[in-house]
Each structure stands twice: as structure tokens, then as C-alpha cells.
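Take a look at the structure below.
The values are calculated or read from the model by the stated rules, or taken from the named source; none is laboratory data. Here the structure is a predicted model, which means the values were calculated and not measured. Please note: Cβ atoms are built from the backbone with ideal geometry, for glycine as well, and neighbour counts cover all protein chains shown. What goes into the accessible areas is simple: the full protein's heavy atoms, side chains included, and nothing from ligands, DNA or RNA. Shrake-Rupley method; radii C 1.70, N 1.55, O 1.52, S 1.80 Å.
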Amino acid sequence: MTLDVHELSAFYASPLGEASRRLIGRVLRARWESCNGLSMMGLGFCGPYLDRFRDEATRTLALMPAEQGVLPWPATGRSASALVVGDMLPLPDGCVDRALVAHALETADHPSAVLEEVWRVLAPEGRAIIVAPSRRGVWARVDGTPFGHGQPFSRGQLRDLVRDASFSAVFWGEALYAPPFRRRFFVNWGPAIERVGSAFGLPFAGVHIVEALKQVYRP
């Protein structure tokens, strides 16, 4: 079941959503320390994560699947969001340097086709980061968060999707180790549990975070 953009927006406006945005955002920033002079695209519901890169990138687009709906993004200034079909993006080949995919694969009818389309619009040596709910995580079993909707993935399933789309995975990470059962508990103790979980590679994290590289070889 696909969530409506208003439900996604309400989640990220809540304390639990803001805390999860910060924890996932730390991993994104660690992988992409600077996006100066680059063009960026978000596919799915990526506005809460794209905000931290918008002032650096030369161009940033927030593309939202038709079945999910669309909201204006950013909150101020000229809108850079659009309603799209996930596997038929209205962009030319090789026009994007960085692509973020979040709240997209788990609700797509054909996730492999979505990743193939992301590969098409990425420039050679461009990079994509995929944020997808983990099958082993507690978050995928709780309906009160967006990560509990759609199809969660195992690491093996994501590895196959990335490989079949002709990407090379260069980073595997996880986030959201603390369960989302009590909002006050998660907000207060989530960062500490996150540091312990990532340091020791504990199981049952809520989301996979995969960075993939587009490599183009000479025929």
C-alpha cells in the first residue's frame, strides 16, 4: 500500500519523523560531504533529506511518484517538485550527478525498472543512494511509520536489484536501530542506540542505506 504525501509529510513533521530524518541524514551527509557544483534528484518522498543539500547543489529536483501524490518543495521559493511515473522519468539521459531514492522502491510495482530509470538519468560515475526498509527490522512491522508500508527488502534482494540495474555498490549501511514503539524513548535514546548499533553492526536496523555507482565501460 502506497502512502499519501500528506501522511508522509505529517510523519516527518512529528518528533519521531524528525528524529529519524536526522539519523538517516547523518549517513547521507557522511557519504556526500559536499555537493557543490552538482545536480541532484530525489525520487520518492525525499524533501526532508534534500533540504540539507539544496543550498550546495546547482540544481535539485524532488520527483514524486504519481500513486503517492505531490507536494510543493521546497517550502519557500520556487517549487522544484514534480509528479512523475517512477519508471519513466521526464529527464534526458545522463543529466544528474546524484540521485536519492527514498520511499519509492518498497511501494513500486516494478522496483527493478525504477532503478534502471535512475541509472539512465545519472551521468557516468554518478552516484545514487537508496534508502529502503529492512525485512529484519522492527520498523517494517509497525504501521505507524512510512517504513512499515510496502515491501521491505533483505540485503540480498537489494544487492540483486542494484546489480541487475548495472550499478556497482560502493557502500552498505543501516540506520534506525532503536525501535519506534515509544516516541519519547526514541527521541531521547535513539542517537545513543544508533551509535552503538552502527559501531557493532547490530542486527534489526530499520532501513538499509546503499550507495551505488554508475560505471560506463567502453564497448
>> Restricting to the range 109-119, count the residues that are surrounded by 17 or more Cβ atoms within 10 Å (Cβ to Cβ) and at pLDDT below 95.
In response: 0
> Which condition breaks for P90 when tested against (1) over 27 Å from S134 (Cβ atoms); (2) in contact with a helix residue (DSSP H, G or I) (Cβ under 8 Å, 6 or more places away or on another chain)?
Replying inline: (2)
> Within the range 24-89, which strands (runs of 3 or more DSSP E) (wholly inside it) include 3 or more residues that are within 20 Å of W119 (Cβ to Cβ)?
Replying inline: 39-44, 59-65
>> Suppose the filter is touching a Lys or Arg at 6+ places or on another chain (Cβ under 9 Å), open to solvent by 50 Å² or more (accessible area, probe 1.4 Å) and modelled with pLDDT of 95 or more; does D97 pass it?
In response: no
> Of the numbered conditions (1) open to solvent by less than 30 Å² (accessible area, probe 1.4 Å); (2) in contact (Cβ under 8 Å) with a residue 40 or more places away in the chain; (3) closer than 19 Å to R159 by Cα, G86 satisfies every one except a single condition; which is it?
Replying inline: (3)
> Take the residues of the range 120-131 that are touching a residue at least 40 places away in the same chain (Cβ under 8 Å) and touching a Gly at 6+ places or on another chain (Cβ under 9 Å): which is most open to solvent (accessible area, probe 1.4 Å)?
Replying inline: P124
> Can you name every residue in the range 1-58 that is small (G, A, S), within 24 Å of A123 (Cα to Cα) and under 14 Å from the mean Cα position of the chain (by Cα)?
Replying inline: G25, G42, G44, G47
> How many residues are acidic (D, E) and touching a helix residue (DSSP H, G or I) at 6+ places or on another chain (Cβ under 6 Å) if we restrict to the range 13-54?
Replying inline: 0
>> For the range 135-164, give me each residue that is over 17 Å from A108 (Cβ atoms), in contact with a Phe, Trp or Tyr (Cβ under 9 Å, 6 or more places away or on another chain) and outside any helix (DSSP H, G or I).
In response: R136, G137, V138, V142, G144, T145
>> Go through the range 18-41 and report how many residues are surrounded by 15 or more Cβ atoms within 10 Å (Cβ to Cβ) and over 19 Å from E174 (Cα atoms).
In response: 5
>> Can you report the number of residues in the range 171-181 which are open to solvent by 10 Å² or more (accessible area, probe 1.4 Å) and under 16 Å from the mean Cα position of the chain (by Cα)?
In response: 4
> Which of the following residues is in contact with a helix residue (DSSP H, G or I) (Cβ under 9 Å, 6 or more places away or on another chain), surrounded by fewer than 18 Cβ atoms within 10 Å (Cβ to Cβ) and farther than 24 Å from E174 by Cα: A57, A10, A75?
Replying inline: A75
